[in-house]
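Student: One structure follows; several queries about it will come next.
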Amino acid sequence: MMKVNVWNPSVELLSRDELDKIKLQRLKEVIHRVYNNNQFYRKKMKEKGLKPEDIKTLEDIKKLPYTTKEELRELYPYGASVVPLDSLAEVRASSGTTGKPTVTLYTMKDIENWSEVMARSLVATNIVKGDILLIAYNYHMFTGGFGFHYGALKVGVTAIPAGVGFTQRQVMLIKDLGVTAITSVPNYAIRLAEVAFEMGVDPARDTRVRKGVFGAAPWSEEMRRRIEKIWDMQAYDMYGLSELWGPGVAIECVYKSGLHVWEDHFIVEVVDPKTGEPVDVEEKGELVFTTLTKDAMPLIRYRTRDISRILDENKCQCGRTHTKIDRIQGRTDDMFIINGVNVWPSAVEEVLLKEPLVAPYYQIVIDRVDALDRMTVFVESRTKLGENDKIALAKKLEYELKEVILVTPRVEVVDPGTLPRFDGKPRVVVDKRAL
Ligand code: DLL
């Protein structure tokens, strides 16, 4: 038997009936709240001829309209709020498009509930009081740094807000401070190990790190095996998205057989991305979430565009009843993730094509160098340019792209007619990373 720690047994181990009772009561409450306090939701429900009283069972959720990322963008900045603005404790904004970002709003109640799901998630991976956690996510607008930080503080885990980069320094801190657990994007665990070896530190032998929680980007079982071996650690998958507070939506327990969704906070559905029809348990489709406790900005049937499936299991070996989803299998759109930052090709295109010297032919190549993701944008100039002009244009585009997509790509300007032409859908993104 493996050691199973549980942060909040009174909720995590509830029977299905009791859990469903809480879900239904909270669903009814949240529908009343959005209907009474937010024009956008009221209008959408009215269009469907729905009143809050029409939601009588958990099944009735299927009557409710979906909410999309585009709609959230249109509600920028405060249109999705259902609370007075002076009760907001934090505002975060997503990266990734030339238009307006999507914002996530938090009251203190949100911070409290987010900390709770993060506390449960850390403890589910056996990160408990006495552990020292290196948080190698950024602490700017991104939810990774703060989410883990809040969770650690709640559990009594010692948090080290390391942020991203300065890898040698991070290795030094891991060793000297006796770090026992790390959290970052998955590939950064490999990068840390590589730099450790360069510094003469064997991560498995010379550090106390034995646990890791990784997320914010897709990764594979093979990647898990490599991370676990090089660090001699147990590595767990964490799923979340800014719109639902951030990390802490779903987490693997020590049995690593799917990710538990904290169902007293989120109702998860899986739907056919094309038709929007719900699919059966075990069948793949798009994850859709309804938030039950989000305070400032509840979301009703939010389409994530992430592909996964709900696993058919009543109770996990760990004792938790909260339903499990499979690891994320892909996306329904063409978003890709560079070292944890979400990037949409359309945003890249918009920046490139604003530049008159640029022809409408470009290709984004993603690979991994020193275990870090690298993005290179090859773009054709309209007319043949001299070497100096090519470099100047590339530098300008690098700067402009960084301002919009928040990662710094390498840009290479190539001669007209050099890039592949496609009759059908162009292959704009070439992803050479082995996950
Ligand atoms: O990535 C929140 C997070 C931080 C999750 C730290 C886990 C750990 P966003 O920047 O809004 O939020 O990006 C959300 O990232 O829709 C997925 O496409 C992808 N993603 C997140 N976790 C995973 C994962 C954070 N474990 C988007 N596996 C989501 C695969 C993931 N993809």
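The values are calculated or read from the model by the stated rules, or taken from the named source; none is laboratory data. This is a predicted model, so every value here is computed, not measured. Glycine gets a Cβ as well: all are built from the backbone with ideal geometry, and neighbour counts include every protein chain shown. Just so you know, the surface numbers come from the protein's heavy atoms only, side chains and all, with ligands and any DNA or RNA stripped out. Shrake-Rupley method; radii C 1.70, N 1.55, O 1.52, S 1.80 Å.
Student: From the list Gly417, Gly424, exactly one residue is within 27 Å of Gly330 (Cα to Cα), over 26 Å from the mean Cα position of the chain (by Cα) and open to solvent by less than 80 Å² (accessible area, probe 1.4 Å). Which is it?
Tutor: Gly424 is the lone residue from the list that is within 27 Å of Gly330 (Cα to Cα), over 26 Å from the mean Cα position of the chain (by Cα) and open to solvent by less than 80 Å² (accessible area, probe 1.4 Å).
Student: Any idea how many residues of the stretch 229-266 are in contact with a helix residue (DSSP H, G or I) (Cβ under 6 Å, 6 or more places away or on another chain), within 25 Å of Arg205 (Cα to Cα) and either aliphatic (A, V, I, L, M) or without any contact (Cβ under 8 Å) to a residue 12 or more places away in the chain (or both)?
Tutor: 2
Student: On to the next question. Considering each of Glu252, Glu283 in turn, give the residue that is open to solvent by less than 10 Å² (accessible area, probe 1.4 Å) and at pLDDT 95 or above.
Tutor: Glu252
Student: Residues in the stretch 312-325: is at least one within 14 Å of the ligand (Cβ to nearest atom), under 28 Å from Ala189 (Cα atoms), at pLDDT 95 or above and assigned by TED's automatic domain parsing to the domain that holds Leu58?
Tutor: Yes: one or more hits.
Student: Which condition number does Thr293 fail, the rest of (1) within 27 Å of Asn37 (Cα to Cα); (2) among the hydroxyl-bearing types (Ser, Thr, Tyr); (3) open to solvent by 10 Å² or more (accessible area, probe 1.4 Å); (4) within 12 Å of the ligand (Cβ to nearest atom) being met?
Tutor: The single condition Thr293 does not satisfy is (4).
Student: Right, another one. Looking at Glu90, is it without any contact (Cβ under 8 Å) to a residue 12 or more places away in the chain, within 14 Å of Trp245 (Cβ to Cβ) and either away from the ligand (no atom under 15 Å from the Cβ) or more than 17 Å from the chain's Cα centre (by Cα) (or both)?
Tutor: For Glu90, the condition - without any contact (Cβ under 8 Å) to a residue 12 or more places away in the chain, within 14 Å of Trp245 (Cβ to Cβ) and either away from the ligand (no atom under 15 Å from the Cβ) or more than 17 Å from the chain's Cα centre (by Cα) (or both) - is not met.
Student: Select from the stretch 376-435 the residues that are in contact with an Asp or Glu (Cβ under 8 Å, 6 or more places away or on another chain) and among the aromatic types (Phe, Trp, Tyr) and list them in ascending order.
Tutor: Correct list: Phe378 only.
Student: Could you tell me which residue of the stretch 390-435 is modelled with the highest pLDDT, considering only residues that are over 16 Å from Pro356 (Cα atoms) and small (Gly, Ala, Ser)?
Tutor: Ranking the qualifying residues of the stretch 390-435, first place goes to Gly417.
Student: With (1) within 16 Å of the ligand (Cβ to nearest atom); (2) closer than 30 Å to Ile190 by Cα; (3) open to solvent by less than 10 Å² (accessible area, probe 1.4 Å) as the list, and Ile364 as the residue in question, which single condition is left unmet?
Tutor: Only one criterion in (1) within 16 Å of the ligand (Cβ to nearest atom); (2) closer than 30 Å to Ile190 by Cα; (3) open to solvent by less than 10 Å² (accessible area, probe 1.4 Å) is unmet by Ile364, namely (1).
Student: Starting from residues that are of a type outside the set (A, V, I, L, M, F, W, C) and touching a strand residue (DSSP E or B) at 6+ places or on another chain (Cβ under 9 Å), keep the ones in the stretch 151-166 and report whichever is modelled with the lowest pLDDT.
Tutor: Result: Gly163.
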